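Read through the structure below, which is laid out as structure tokens, and then see the notes.
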Amino acid sequence: MYTTVEDDKAQPVNGSRPREVIVVGASAAGLFAAANVARGGRPVRVLESKPRLEPAARTLIVTDHFRSQMAVVAQQSVINEIRRFELFTDGRSAQIALKKPDLIIERSRLIAALARDARQAGASLCFDSRFLGVGPNERGLRLAIERGG
């Protein structure tokens, strides 16, 4: 049994503020998670060790499912589509048509779009904040974070 953030829509415990969710790393996965949790009503903080968001430019190939999963954010990062594969061996070749195209996306565009989406959803991004570890305290968990080196 599990619940989603929407099922649990930021219900405060005993009338207190909902607990903050910490996401470690402003990667595509971290920013996607932060945006969705923030949209569910939780306060979210993303910790990123770098001083600013400057993802390296590189391309990735993903399936068409990426479009339905990422919605508008996806379209901003798609730079090409692969509609078929061609295989070559021993002087022979074959083509394989795809029912739905695979997508070539630009990672730096994707991360920038995800960061905008996370901020619009209410998440805060904290740069130059390195996660060191986690341990218990009297109220739950204590995070060890190094800021500014």
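The values are calculated or read from the model by the stated rules, or taken from the named source; none is laboratory data. Bear in mind that the values here come from a model prediction, so they are computed numbers and not experimental data. Heads up, the Cβs are rebuilt from the backbone with ideal geometry, glycines too, and the neighbour counts pull from every protein chain shown. For accessibility, only protein heavy atoms count, side chains too; no ligands or nucleic acids. Shrake-Rupley method; radii C 1.70, N 1.55, O 1.52, S 1.80 Å.
Rounded to the nearest 10 degrees, the angle from helix 107-121 to the longest Cα principal axis of the chain is 40 degrees. Among beta bridges identified by DSSP and lying wholly in the chain, the antiparallel ones come to about 75 percent. Checking (1) 1.11; (2) 1.09; (3) 0.99 against the coordinates, the calculated Rg/Rh (Cα atoms, Kirkwood Rh) falls under label (1). The residues ILE145, ILE111, sorted by heavy-atom accessible surface at 1.4 Å with ligands and nucleic acids left out, run ILE145, ILE111 from largest to smallest. With K and R counted +1 and D and E -1, the other residues having a Cβ less than 13 Å from that of LEU132 yield a net charge of +2. Per residue, the average separation of C-alpha pairs within less than 8 Å and at least 6 apart gives region 70-149 a relative contact order of 23 percent. Here the 3J(HN,Hα) profile of region 36-49, calculated from phi with Karplus coefficients 6.51, -1.76 and 1.60 at θ = phi - 60°, is 5, 5, 5, 4, x, x, 8, x, 10, 10, 9, 9, 10, 6 Hz, Gly and Pro shown as x.
Counting only protein heavy atoms and a probe of 1.4 Å, the accessible surface of region 30-149 is 51% carbon and sulfur. Amide H contacts for LYS50 (H built 1.01 Å from N in the peptide plane; partners 5 or more residues away or on another chain; cut-off under 5 Å): ASP128, SER129.
When only DSSP loop residues count, what GluC sites (Glu not before Pro) in region 106-149 have their Cβ near at most 16 other Cβ atoms within 10 Å? Those that pass, being in a loop and sparsely packed, are GLU138.
Counting charges near GLU86 (Lys, Arg +1; Asp, Glu -1) among other residues having Cβ under 14 Å from its Cβ returns a value of +2. Site pair SER124 and LYS50 shows an inter-label distance of 2.2 nm when each label is modelled 7 Å from Cα along Cα→Cβ. Ligands, DNA and RNA excluded, the heavy atoms of THR63 present near 80 Å² of accessible surface to a 1.4 Å solvent probe.
Loop-located trypsin sites (Lys or Arg not before Pro) in region 102-149 (DSSP state not H, G, I, E or B) with no more than 11 neighbouring Cβ atoms inside 10 Å: ARG139.
For the pair ARG107 and LEU87, label points projected 7 Å from Cα toward Cβ lie 2.8 nm apart.
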